[in-house]
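The values are calculated or read from the model by the stated rules, or taken from the named source; none is laboratory data. Every value quoted in this text rests on a predicted model; they were computed, and no experiment measured them. In this analysis, Cβ positions are derived from the backbone assuming ideal geometry, glycine residues included, and neighbour counts consider all displayed protein chains. SASA here: full protein model, heavy atoms, side chains in, ligands and nucleic acids out. Shrake-Rupley method; radii C 1.70, N 1.55, O 1.52, S 1.80 Å.
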Amino acid sequence: MFRKRPSLLILLMFSAVLLFGTADGAWLAKVPASDHQKTNPYEGQPDAIAAGRKVFEEHCTKCHGQNAQGVKKRPSLRTERIQQQATVGDLHWLLVNGSMKRGMPSWAKLPDPQLWQLVTYLKSLHE
Amino acid sequence: MRLTALVLVMLVGTFLSAAAQERPYFVTYSHEMEEPGNLEIEIFSAVGNPPGANRFLGSNLEFEYGVKTWWTTEFYMDGQSTVNDSTILTGYRWENRFRPLLREHWINPVIYVEFENISADKTLREVVGHDGVADFAHPNWLARQGKAREIETKLILGSNYRGWNISENIIAEKNLSNDPWEFGYAWAVSRPLKLAASAHKCAFCAERFHAGIEMYGGLGDRYTFGLNRTSHYVGPTVNWSAPGNLTLSFSPQFGLNDSSIPRLYRFGVSYEIEQFLEIFRRGGD
């Protein structure tokens, strides 16, 4: 079929690239403006980074690795998207809501201060 | 001696590495699902002394697995031991919980469907219809003859607000024989004793303790809906998320009318294995 209609193959490949392009990090586009602009009450506090690291070790390392480098198909949290593109509000939104279709559960069961401590730790990783 | 010390240090290190985060509920379900890939092994027990009957201990052994972020499945094996009577296995249950909305909302619904095949059950994991103290009067040999193959459904509604979890369950249960639908309810609220995590590793810090209150009871059946001849319980509940993914829970609960057992003592132990199937994929390392 593709020999006769190479344009179909090109269209399929292009669609696949587009699909992966939007799916990878698509959650960022879903964050409401009010969440996107939220500020972190623990911004830059050394105690919050230490507490956030503790929360990370207790709940996140099994999927994202000891140093947040990612494990198998589970993504690294040291990428440009997490460290540069996403605001602290975006990350907080992701933790509350998860990305359930893609296997990331909601962590709304953790109290809000712990989620912000976790965000503080994650944002400290690029420094 | 050095080897013993090394093993001890490694054990402590393992125990300080992870912690479960469970709600301290025994009957009420929250909307929070098991994380996908995690297996939780739980033992929940109830001790009671019904008037005019023998003291009992009813227990569940549960295996809860997170299939997807929106789907949790759980298998139970039930048993009970009655003083001056016998110790018996009372059956099994298989439940599935589905979360239809894939984001966190003010109120989060979860659909619960369970099949149970039990008899002479004394775990009181739910109270429906006209369940009451009279059910505990029969000796085990007689109670076992009343097999219950039932479908139980629940609408679970849960909210998290400023560290508080508020959960409500509406229960409808149908014996697969000709018995009518029976109804019940459960609700609970709880909160960690401290919301922010402390910066250092600790076993007994306040954020590891949850405390709350739980209430549940029957609402009659299709033909006699209401509170008449139904039993109800209320009590404080507390748990401790110990290091090492271990959670210990306890609740003294009090019967609110003559149909209820005056006092129940519930306790539970659960252990969570994170990413259970990975153990086999990595060759057990």
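Worth pointing out:
- Residue count for the range A:70-97, restricted to those that are over 9 Å from the mean Cα position of the chain (by Cα) and at pLDDT 95 or above: 7
- Flag for residue A:115 being open to solvent by less than 40 Å² (accessible area, probe 1.4 Å), modelled with pLDDT of 95 or more and at the interface with another protein chain (Cβ under 8 Å from one of its Cβ atoms): no
- Output for the range B:141-162, where each listed residue is among the hydrophobic types (A, V, I, L, M, F, W, C), in a strand (DSSP E or B) and more than 17 Å from residue B:22 (Cα to Cα): B:148, B:151, B:155
- Unmet requirement for residue A:52, which otherwise passes all of (1) within 14 Å of another protein chain (Cβ to nearest Cβ); (2) under 15 Å from the mean Cα position of the chain (by Cα): (2)
- Count - residues of the range B:166-199 that are within 14 Å of chain A (Cβ to nearest Cβ), within 25 Å of residue B:217 (Cβ to Cβ) and either among the charged types (D, E, K, R) or over 20 Å from the mean Cα position of the chain (by Cα) (or both): 1
- For the range B:123-137, residues that are open to solvent by 30 Å² or more (accessible area, probe 1.4 Å) and either free of Cβ contacts under 8 Å to residues at least 12 places away in the same chain or within 20 Å of the chain's Cα centre (by Cα) (or both) total 2.
- Filter result for residue A:108 (outside any helix (DSSP H, G or I), open to solvent by less than 20 Å² (accessible area, probe 1.4 Å) and either under 14 Å from residue A:25 (Cα atoms) or free of Cβ contacts under 8 Å to residues at least 24 places away in the same chain (or both)): yes
- Taken over the range B:96-112, residues that are within 16 Å of the chain's Cα centre (by Cα) and free of Cβ contacts under 8 Å to residues at least 40 places away in the same chain amount to 1.
- For the range B:260-271, the condition of being more than 20 Å from residue B:58 (Cβ to Cβ) and not in a loop (DSSP other than H, G, I, E, B) holds for at least one residue.
- Residues that are part of a strand (DSSP E or B) and hydrophobic (A, V, I, L, M, F, W, C) do not occur anywhere in the range B:277-285.
- Among the residues examined, residue B:165 does not qualify as in contact (Cβ under 8 Å) with a residue 40 or more places away in the chain, open to solvent by 20 Å² or more (accessible area, probe 1.4 Å), under 30 Å from residue A:41 (Cα atoms) and part of a strand (DSSP E or B).
- Qualifying residue in the range B:213-236 (condition: within 14 Å of chain A (Cβ to nearest Cβ), closer than 30 Å to residue B:257 by Cα, part of a strand (DSSP E or B) and not aliphatic (A, V, I, L, M)): no
- Boolean, residue A:122 is over 25 Å from residue B:196 (Cβ atoms) and either open to solvent by less than 50 Å² (accessible area, probe 1.4 Å) or not in a loop (DSSP other than H, G, I, E, B) (or both): no
- Here residue A:102 meets each of (1) more than 16 Å from the chain's Cα centre (by Cα); (2) within 9 Å of chain B (Cβ to nearest Cβ) with one exception, condition (1).
- Within the range B:222-238, one or more residues are hydrophobic (A, V, I, L, M, F, W, C) and under 25 Å from residue B:164 (Cα atoms).
- Scanning the range A:62-91 for residues that are open to solvent by 20 Å² or more (accessible area, probe 1.4 Å) and either within 14 Å of another protein chain (Cβ to nearest Cβ) or of a type in the set (Gly, Ala, Ser) (or both) yields A:62, A:63, A:64, A:66, A:71, A:72, A:73, A:74, A:76.
- Single condition residue A:47 does not satisfy, out of (1) touching a helix residue (DSSP H, G or I) at 6+ places or on another chain (Cβ under 8 Å); (2) at pLDDT 95 or above: (1)
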